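The values are calculated or read from the model by the stated rules, or taken from the named source; none is laboratory data. All of these numbers come straight from a predicted model, not from anything done at the bench. Methodologically, a virtual Cβ is constructed for each residue, glycine included, from the backbone with ideal geometry; neighbour enumeration extends over all protein chains shown. Remember, those area values only see protein heavy atoms, side chains included, never the ligands or the DNA or RNA. Shrake-Rupley method; radii C 1.70, N 1.55, O 1.52, S 1.80 Å.
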Amino acid sequence: MTLAFRLLARRARSESEVASALDEAGASRRLARGVLGRLRALGYVDDRKLAAECVERGKDRGYGSLRIQEQLRRLEIDERIVERAALEGREERRLARRLLTERFGATELADRRTAARAARFLAGRGFPAEVIDSLFDSWE
């Protein structure tokens, strides 16, 4: 239990991360299940809450749903939670449009070269192709 508390003192962790750390430390499966159950009951480990926090943090940093979901997968959060953690379509388009405006100015993207750079920029930030396409369709 001490190891789990030390891990959680640094940052929020997923159940899988805590379980892996306990396993690496040589804890039995029974002990690990008991510790995880107690941590869940105390509210110290909650994958849904962790995913929601990651989504909010990702939005604040200007990341799209693909990048946020990849981060959740690295945290070893259950895939069902990861799939539900995506940004809402309209919200994601609004965020992408705001990033484009900040990065490339308020005017429409004048030429194909600039539009291609803007699309690569959004793709690199983790926005899905359909979101990127929907933004450029409105400018054509």
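Could you run through segment 1-18 and say how many residues are touching a residue at least 24 places away in the same chain (Cβ under 8 Å) and either buried (at least 18 other Cβ atoms within 10 Å of the Cβ) or touching an Asp or Glu at 6+ places or on another chain (Cβ under 9 Å) (or both)?
Residues meeting the conditions: 8.
Somewhere in segment 39-51, is a residue farther than 24 Å from Leu8 by Cβ, part of a helix (DSSP H, G or I) and either in contact with a Ser or Thr (Cβ under 6 Å, 6 or more places away or on another chain) or open to solvent by less than 50 Å² (accessible area, probe 1.4 Å) (or both)? Quick ask: steps written out before the conclusion?
Step one: of segment 39-51, the residues farther than 24 Å from Leu8 by Cβ are none.
No; the residues of segment 39-51 include none that is farther than 24 Å from Leu8 by Cβ, part of a helix (DSSP H, G or I) and either in contact with a Ser or Thr (Cβ under 6 Å, 6 or more places away or on another chain) or open to solvent by less than 50 Å² (accessible area, probe 1.4 Å) (or both).
Please go through segment 19-68 and pick out each residue that is free of Cβ contacts under 8 Å to residues at least 12 places away in the same chain, over 24 Å from Ala86 (Cα atoms) and of a type outside the set (A, V, I, L, M).
Once the filter is applied, which keeps residues that are free of Cβ contacts under 8 Å to residues at least 12 places away in the same chain, over 24 Å from Ala86 (Cα atoms) and of a type outside the set (A, V, I, L, M), segment 19-68 yields Asp23, Glu24, Gly26, Ser28, Arg29, Arg30, Arg33, Gly34, Gly37.
Within segment 56-72, restricting attention to residues that are out of contact with any Leu (no Cβ under 6 Å at 6 or more places or on another chain) and buried (at least 20 other Cβ atoms within 10 Å of the Cβ), which residue is farthest from Glu88 (Cα to Cα)?
Top of the filtered list is Leu72.
So, of the residues in segment 76-97 that are small (Gly, Ala, Ser) and out of contact with any Phe, Trp or Tyr (no Cβ under 6 Å at 6 or more places or on another chain), which turns out to be nearest to Ile132 (Cα to Cα)?
Gly89
Taking into account only those residues within segment 87-123 that are in contact with a helix residue (DSSP H, G or I) (Cβ under 8 Å, 6 or more places away or on another chain) and not in a helix (DSSP H, G or I), which is modelled with the highest pLDDT?
Here the residue is Leu109.
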